[in-house]
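Notes for the one structure printed next.
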Amino acid sequence: MANTEGDHLAARDGEGPVAFKDAVDVEATPARPPTAHTAAAVSAARVTLQGQQLVRVNGYWVFDSWAQGVIAMRRGGLVPRATVGDVLLASLPKSGTTWLKALAFATMARRAWPPASPDHPLRRLNPHDCVPLVDSLFAVGRDKLLDELPSPRLMSTHMPLSLLPATVADGSSNTKIIYICRDQKDRLVSVWHFRKRNDLPDLSLQEVYESVCNGTCFAGPVWDHMLEYWRASNADPGRVLFLKYEEVLQHPGNTVRKLAHFVGQPFSNTEEEADVVAEIVKLCSLENLRSQKVNKEGIRDVIIKFSHDSYFRKGMAGDWRNHMTPELGEHLDSILCDKLDGSGLTI
Ligand code: PAP
C-alpha cells in the first residue's frame with residue numbers, strides 16, 4: 001500500500017494542483033548526486049550516440065546520468081500519496097508532453113485559476129515549471145522537493161510503467177496515469193529539431209531514425225514503452241488514460257473533457273455553458289503558449305539547459321514527410337506494426 005506521507009499537505013478542497021515553481025524553491029535546493037544503486041540493476045549494455053551514453057535499465061535505455069535516479073525512484077524514492085492520489089503524465093519525449101502538461105494543469109486547477117484569468121500560472125510559467133518531470137528531479141537529487149508539493153500532485157515522467165515504483169506500476173496505489181503517444185515518425189523529427197535547437201551533440205536525422213528503429217533511443221524500445229501503458233489502460237481504464245497526440249490535435253475539446261472526467265472533475269453544465277472547455281483549449285494552444293514572454297525567453301535547466309521556446313515548434317501531424325522519404329516512413333511503420341501486432345494498438 002502507498003503510505004500517507006505528505007498527505008498533510010493535501011488539498012485545498014477542489015482547487016487542484018499548485019504549480020511546481022510556485023510551491024517549491026528549485027534554485028535554492030542544491031543538486032546532489034543520487035543514492036548509489038547496486039550494480040546489478042544496470043546491465044553492462046551501453047550505447048553511445050555522439051558522446052551521449054545510454055545504459056540499459058530493466059530492458060530500457062536511459063541516459064547514463066539518469067540511471068541512478070531512475071533506480072532510486074523505482075525502488076521507493078517516489079512515494080505515491082494515498083488519500084489524495086497523484087496524477088502522473090507519462091510520455092516518450094516529444095509526444096506532446098508540454099501540451100498535455102498545460103491541458104491537465106489548466107483543467108485540474110480551473111477552480112483556483114479560471115483559464116481566462118490574466119494571472120493564470122500558464123501566462124507566467126512554462127508548463128514544465130507547473131508540472132515537474134520526476135525522472136529529472138531524481139537524476140539531480142532534487143526529488144525531496146516532490147514532498148513539498150501540495151496534493152493533488154500533478155507530475156510527469158518519461159519512464160515506462162515498469163520503471164515506476166511498484167505500487168504505481170501494479171495499480172495498488174491511488175495514482176492515476178495519463179499517457180500520450182505520437183506517430184513515431186513525427187516524434188523522431190521533433191527530437192532531431194529539438195536537439196539542433198539546443199546545441200546538443202550533433203546527431204543526424206538518420207541516427208535518430210535508426211535509434212528508434214533498433215530500439216536504442218532514450219526510454220526505448222518505444223514499442224515496449226507504449227505497450228506497457230496501452231495494456232494497463234485496457235486492463236483498468238479508470239487508472240490509465242491513453243491518449244494519442246493526433247487525436248488531441250483533431251479534438252482538443254473532447255480531450256479536455258476526457259481529462260476532466262478521468263481525474264474526477266467533470267465539467268458542470270454551468271461550466272459547459274460558460275465555454276470553459278474552449279477557454280482551456282485556447283489558453284493551452286501552441287500559438288498562445290508560444291506567445292507568452294516566459295516561453296519566448298526562459299530557460300529550463302534539466303542537467304542540460306533547454307530554451308523554453310524550443311518546446312514549441314510546428315505542432316502538427318505529418319511533418320515527417322518534409323524530412324524523410326516515404327520508404328523510410330514505411331519501414332518504421334512496418335517495424336511498429338510487427339511489434340504492436342495483436343495488441344489492438346495502432347499508431
Ligand atoms: P518533451 O517531451 O521534451 O516535453 P514535447 O512537448 O512532448 O517535449 O514535444 C514538443 C512537441 O510538441 C513539438 O512538436 P514538433 O517539433 O513536431 O512541432 C511541439 O511543437 C509540440 N507542442 C508543444 N506545445 C504544443 C501545443 N500547445 N499544441 C500542440 N503541439 C504542441
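The values are calculated or read from the model by the stated rules, or taken from the named source; none is laboratory data. Quick caveat: nothing in here was measured; it's all calculated off a predicted structure. Every residue, glycine among them, receives a Cβ derived from its backbone with ideal geometry; neighbour counts consider all protein chains shown. Just so you know, the surface numbers come from the protein's heavy atoms only, side chains and all, with ligands and any DNA or RNA stripped out. Shrake-Rupley method; radii C 1.70, N 1.55, O 1.52, S 1.80 Å.
Points worth noting:
- Some residue of region 127-139 being over 25 Å from A28 (Cα atoms) and charged (D, E, K, R): no
- Selection over region 245-279 of residues that are under 19 Å from K176 (Cβ atoms), in contact with a Lys or Arg (Cβ under 7 Å, 6 or more places away or on another chain) and touching a residue at least 40 places away in the same chain (Cβ under 8 Å) gives a count of 2.
- Selection from region 263-274 of residues that are assigned to a loop (DSSP other than H, G, I, E, B) and β-branched (V, I, T): V263
- Test for S117: is it assigned to a loop (DSSP other than H, G, I, E, B) and within 24 Å of L283 (Cα to Cα): yes
- For beta carbons closer than 9 Å, sequence separation of 6+ or different chains, a first residue in region 325-347 that is over 10 Å from C213 (Cβ atoms) and a second that is among the aliphatic types (A, V, I, L, M) and open to solvent by 60 Å² or more (accessible area, probe 1.4 Å), the qualifying pairs are D333/I347; L340/I347.
- Residue, nearest to the ligand (Cβ to nearest atom), within region 61-84, restricted to residues that are under 17 Å from the mean Cα position of the chain (by Cα) and of a type in the set (V, I, T): V62
- Candidate set: region 85-112, residues that are of a type in the set (D, E, K, R) and not in a helix (DSSP H, G or I); chosen: the one farthest from the ligand (Cβ to nearest atom): R111
- Looking at region 139-252, the strands (runs of 3 or more DSSP E) lying wholly inside it that each contain 3 or more residues that are of a type outside the set (V, I, T) and open to solvent by less than 10 Å² (accessible area, probe 1.4 Å) sit at 154-157.
- One residue stands out in region 284-312 among those that are assigned to a strand (DSSP E or B) and aliphatic (A, V, I, L, M): the one that is farthest from the ligand (Cβ to nearest atom), namely I299.
- Checked against the criterion of being of a type in the set (V, I, T), in a helix (DSSP H, G or I), within 12 Å of the ligand (Cβ to nearest atom) and at pLDDT 95 or above, the candidates V281, V277 yield just one match: V281.
- With respect to (1) assigned to a helix (DSSP H, G or I); (2) at positive phi, the lone exception for G315 is condition (1).
- Number of residues in region 265-302 that are under 20 Å from the mean Cα position of the chain (by Cα) and open to solvent by 60 Å² or more (accessible area, probe 1.4 Å): the value is 3.
- Count of region 246-262 residues, restricted to those that are in contact with a helix residue (DSSP H, G or I) (Cβ under 8 Å, 6 or more places away or on another chain) and either aromatic (F, W, Y) or within 13 Å of the ligand (Cβ to nearest atom) (or both), is 5.
- P127 being buried (at least 24 other Cβ atoms within 10 Å of the Cβ) and within 12 Å of the ligand (Cβ to nearest atom): yes
- Residues that are of a type outside the set (A, V, I, L, M, F, W, C) and open to solvent by less than 10 Å² (accessible area, probe 1.4 Å), drawn from region 81-95: R81, D86, S91, S95
- Taking region 168-221 as the range and being within 23 Å of G69 (Cα to Cα), out of contact with any Leu (no Cβ under 9 Å at 6 or more places or on another chain) and free of Cβ contacts under 8 Å to residues at least 40 places away in the same chain as the test, only D170 passes.
- Being over 25 Å from R81 (Cβ atoms) and touching an Asp or Glu at 6+ places or on another chain (Cβ under 6 Å) holds for only one residue in D199, D224, D186, and it is D186.
- The residue list L340, L283 contains one member that is in contact with a helix residue (DSSP H, G or I) (Cβ under 7 Å, 6 or more places away or on another chain), hydrophobic (A, V, I, L, M, F, W, C) and more than 20 Å from T97 (Cα to Cα), which is L340.
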